[in-house]
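Some notes on the structure that comes next.
The values are calculated or read from the model by the stated rules, or taken from the named source; none is laboratory data. What you see is a predicted model, and the numbers here were worked out from it, not measured in a lab. Because the Cβ atoms are built from the backbone with ideal geometry, glycine has one as well, and the counts that use them run over all protein chains shown. With ligands, DNA and RNA removed, areas are computed over all heavy atoms of the protein, side chains included. Shrake-Rupley method; radii C 1.70, N 1.55, O 1.52, S 1.80 Å.
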Amino acid sequence: MKNKEIDYFKLVEECASKKMDVKISNGKIEHAQILLQAMLRHGKNSVNMFTGTLNKKLYASLEFRISVKIYHLISNGKLNFIIQDINNLQNHPLYALVKSIDPRFDKIKFFIVKKDSEASKYKNHFSTMDDLAYRNEIDDEGVSAIANFNDKETNKEFRQKFNIFMEQSVQFIER
């Protein structure tokens, strides 16, 4: 990790551990990794991720997969992924990990959005943690985002949208 990423990690970790109501900018994929891993480290009840694809630079990274495994082992919470564009999910390293640690998909679930639903057209991806934190992409490219680890009102809006999108999706379980 470079010095700038270490400083960013420290900022995110402080905001997450102290549940600070501070907007944190996310300008590159390394920042997204740090933010999503912090959600997994600090989440107790649920972490939800709505994404276009499971970008391998982010979701297949060793660090992210370790965070998912630790969340699964330590937390009693649920981890849900809603994916707009399924592309060979059964061969994705994250899916393979989840299948090995949660073979019945009780705590970690993958959902694929139905074509022509509101969820299939929604451009800005987002994540939530419990009833506190969120990360919201503010551009179509998915690089720029804003996160906050203590904004219950905005978190609630994203959780409600996530639940609507989940209804417009189908759970993916490879048989």
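Just from its helices, what would the mean residue ellipticity at 222 nm be for the chain, if runs of 4 or more DSSP H residues each count -39500 (n - 2.57) and the sum is divided by every residue, rounded to the nearest 500 deg cm²/dmol?
Numbers: 7 runs with 75 residues, N = 175.
Calculated mean residue ellipticity at 222 nm is -13000 deg cm²/dmol.
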Original post:
Among the trypsin sites (Lys or Arg not before Pro) within the range 99-147, which fall in a DSSP loop and have no more than 10 other Cβ atoms within 10 Å of their own Cβ?
Top reply: Arg104, Lys115
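Quick check on the range 1-171: take the gyration tensor over C-alpha atoms, sort the square-rooted eigenvalues as a ≥ b ≥ c, and tell me if it's rounded (a/c under 1.5), prolate or oblate. All intermediate terms of the calculation are to be shown ahead of the outcome.
Details: a/c = 1.40, a/b = 1.22, b/c = 1.14.
It is rounded, given that a/c, with a ≥ b ≥ c, falls under 1.5.
Over the chain, what is the relative contact order in whole percent, taking alpha-carbon pairs under 8 Å and six or more residues apart? Present the calculation step by step, with values, prior to reporting the outcome.
On the way: 300 pairs, mean separation 46.8, N = 175.
Once divided by the residue count of the chain, the mean separation gives 27 percent.
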Subject >> Alpha-carbon centroids, the range 122-175 and the range 38-78: separation in whole Å >> reply: 13
**OP:** Count charges around Val22 for me, please; just the other residues with Cβ under 11 Å from its Cβ, Lys/Arg as +1, Asp/Glu as -1.
**Re:** 0
Original post:
Quick one: which of Lys18/Lys57; Lys23/Lys156; Lys78/Lys109 span more than 19 angstrom between C-alpha atoms?
Top reply: Lys18/Lys57
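Just to verify a number: FRET efficiency for Asn87 and Asn150, C-beta to C-beta distance, R0 = 30 Å, to 0.05?
On the way: r = 35 Å, r/R0 = 1.17.
Efficiency computed from Cβ-Cβ geometry: 0.30.
Quick one: which of 62-69, 33-40 comes out on top by average Cβ neighbours within 10 Å, and what's the full order, highest first? Don't skip to the answer; put the middle values down first.
Values: 62-69: 16.4, 33-40: 23.8.
Averaged packing, sorted descending, gives the order 33-40, 62-69.
So, for the chain, what is the accessible surface per residue at a probe of 1.4 Å, expressed in square angstrom? Write down the numbers at each step before the final one.
Details: 9240 Å² over 175 residues.
Value for the chain: 53 Å² per residue.
Can you give me the % of accessible surface on the range 1-171 that is carbon or sulfur? Probe 1.4 Å, all protein chains present, nothing else counted.
Working: 4380 of 8860 Å².
Roughly 49 percent, rounded to a whole number.
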Original post:
Looking only at the range 110-129, which residues have a backbone nitrogen under 18 Å from a spot 7 Å from the Cα of Lys78 in the C-beta direction?
Top reply: 110-114, 126-129
Original post:
Between Ile164 and Asp7, what is the spin-label point distance in nm, taking each point 7 Å from the Cα along the Cα→C-beta axis?
Top reply: 3.9
Original post:
Cα gyration tensor of the range 103-149, axes a ≥ b ≥ c as square roots of the eigenvalues: rounded (a/c below 1.5), prolate (a/b > b/c) or oblate?
Top reply: oblate
